[in-house]
Every structure is written in C-alpha cells, then in structure tokens.
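The numbers here are math on the coordinates, done by the rules we state, and not lab data. The structure displayed is predicted, hence computed values, not measured ones. All Cβ positions, glycine included, derive from the backbone under ideal geometry; neighbour counts span all protein chains shown.
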Amino acid sequence: MSKRHDAIFEDVLKDLNNESAPGEEDRGGTRFLRRSNALADVGEREEKVLRWVDPALCVMWDRHNRAYELLNEDNCRDLIDSIKSQGQQEFPAIVRKLRKGRGAEYEVICGARRHFAVSWLRANNYPQFRYLIEVRDLSDEEAFRLADVENRDREDISDFERARDYAAALEQYYGGRQKAMAERLEVSEGWLSRYLNLARLPDQVVAAYQSIREIKELHARVLKPLLADPKVASSVIQVARDLAERQAAARAGQGAPIEASAVLSSLRSAASGPKRKRPPEQIFRGDADSIGVTLRKRGSNVVLEFSDKLSDASLRAAFEAYLANRSAGRK
C-alpha cells in the first residue's frame, strides 16, 4: 500500500495498525485478541479488540464495494489456501455492530473475500476455522473511505465494481460534488472522473460483457465519444444488445462466451458502419488448366493481375478472353 494510502487508512481507522497479542476467552467463549496503541498527538492509549466469530453472524454492508455474489472457489483459491496453510486468518476484517433484530450481528465493511474463504472452508470439512473481525464505530462515509483505501491497489476487485461504488458515494456522501470527493479520497479529479464515466456506461453495454469484472476503465474511455455521438450511438447500442443475447446464451450453455477484447472491438466497429464489400473478381483463362488473369475494378479503373510464371501463350489466351467479354458487355 502506498504512503498516501497509509495516511488515509490511518485517518479513517484512527490508528488501527496496532500490534496484536492473544487474550483470554470471554464468558461466551469468544476468543479475543487485543491491540493497543499510544496516540502520540494526545498521549492516550486506545485498546482494540479482535474477535473470532462464526462468519454466519456477519453480512456484507449493502454499500460494500465488492460484488460478493461474484466470489467463488476459483477466484478466492489463493486466500483459501493461505488461510488453510497458516491455520487461521491473519488479518482482521473490519465490521460494524448491527442493531438487534437485523438477524446477523455484524456488518462487514472490509473483508468480503476473507468472509467467503472462511465460510467455504467451514462448509468443506474445516469447521474449526473462524472469522477474525475488528468491530469499529464508523459513519457510512468513513466506512466508504476505509473500504476504498483498502481495495484501491488490489487487482482482485474490478474497475467496474470500484466505479459503481464511486458513483453511488458521490451522491450519497458528497452531494454530487466531484471536487469535494476527490479531495476527501486524496485523488485527482481527472482520475476520479474516469471511473465515474465507467459507472455511467449504459446498461445495454454493461450486459454485452460476460461479467462486470471484465469491464475496464479503458473501455469507457474508448466508448464515451461513440455513445455521445447521436449518429453512431444507436448502432453501438444495437450491437451491444446482440452481444448481450449471445453472452446470455453462453451462460445457459449454448455457445462460448465472448471475450472482453472482442466485445470492445465489436462495439467500436459498430460506430464505423458496415465494412465495404470488396468488388467482385473475375478470372479469365485461355484454357481450363491455366491459372488465368484476375480482374478487379477500382472505381472507373480495371486492374488485371497475373503470375509472372504464366506462359506467354496462356497470358495471350487470357487477354483474348477478357477482350471478348469486354466487347460483349458493350453491345
């Protein structure tokens, strides 16, 4: 994580990064790990409490920036293997306490993959694993910034997931003021604007991709001017609809999915209109065994092509066939 990200992380967590030491079990049997940190600016000591819990007691925050439904054994395999190898989850998830009556006890702000990995292990013959959490008292805006700074440099969260999160946060926390949001996140307005443009792609275009995890920020940069041009936008949207139908069929087991690069190429091609067909070719031969002379039209001109290996007799016979055809066409 970069120094800038460290600074934001510490601001949101108020000195979360403290060293851990094993503690005792409470009366309910929950194991606690305690972390304490000297707050240099005021001279206080603040104690943090970590808990090992059943992941079933936790639900994802509805503003979580990761699409939990897209997590699976394959894309979490590295984390599953790591937890199994270490014998426990190494880094705590950040959660908030839920009000009673909500079913679950905790709301996960950061740690969706960790939650999935531990849940998967417990469901697949490793019931001893528990979910390591730290309960924090965070506002929604603080929770958003915390989740963003933790995941900003991660490659396992897609551009589109991040963009969708930014677009929602812009309205919910910053009143639509892009400059204020950029300052709060300590990023440039231009950088933030590119992700917001990605989030604004039409639904038809999003559906043209096999998965939202394949949609890149670069794709929005390429498509934005095409979708803004009324002369070509309708063609792009129509091709997107066709691609979406093919992707849906592939998900149903009918045909192969279309890769993201091919989707982008098809959408770009839609804006340039149908390709011009090559003019028809004619071949003139003096005899059936000859490779002959090929005629192609270039506007008002005629191009005759032939191999330099063609014998003089075959070439002469091919030209005579061409001249005969030309004379017949003028009658």
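Here region 98-130 is scanned for amide nitrogen atoms under 20 Å from the site 7 Å beyond the Cα of residue 77 along Cα-to-Cβ, giving 113-126. Using the average count of surrounding beta-carbon atoms within 10 Å as a protection proxy, the listed peptides 79-91, 141-153 rank, highest first, as 141-153, 79-91. Projecting label points 7 angstrom from Cα along Cα→Cβ for residue 291 and residue 177 puts them 7.4 nm apart.
For the Cα trace of region 145-261, dividing Rg by the Kirkwood Rh returns an Rg/Rh value of 1.02. Shown for region 201-271 is the translational diffusion coefficient from the Stokes-Einstein equation, using the Kirkwood radius over Cα pairs, a temperature of 4 °C and a viscosity of 1.567 mPa s: 108 µm²/s.
Taken along the Cα-to-beta-carbon direction at a fixed 7 Å, the label points for residue 234 and residue 85 span 5.7 nm. Approximating the spin labels as points 7 Å out from Cα along Cα→Cβ, the residue 326-to-residue 309 distance works out to 2.7 nm. The stretch between residue 98 and residue 206 holds 35.5 nm of extra length on full extension. This uses 0.36 nm per residue minus the Cα-Cα distance.
Geometric descriptor of region 282-330, per residue, is 72 Å³ (volume of the convex hull of the Cα atoms). Given R0 = 45 Å, the distance between the Cβ atoms of residue 139 and residue 222 translates into a calculated FRET efficiency of 0.75.
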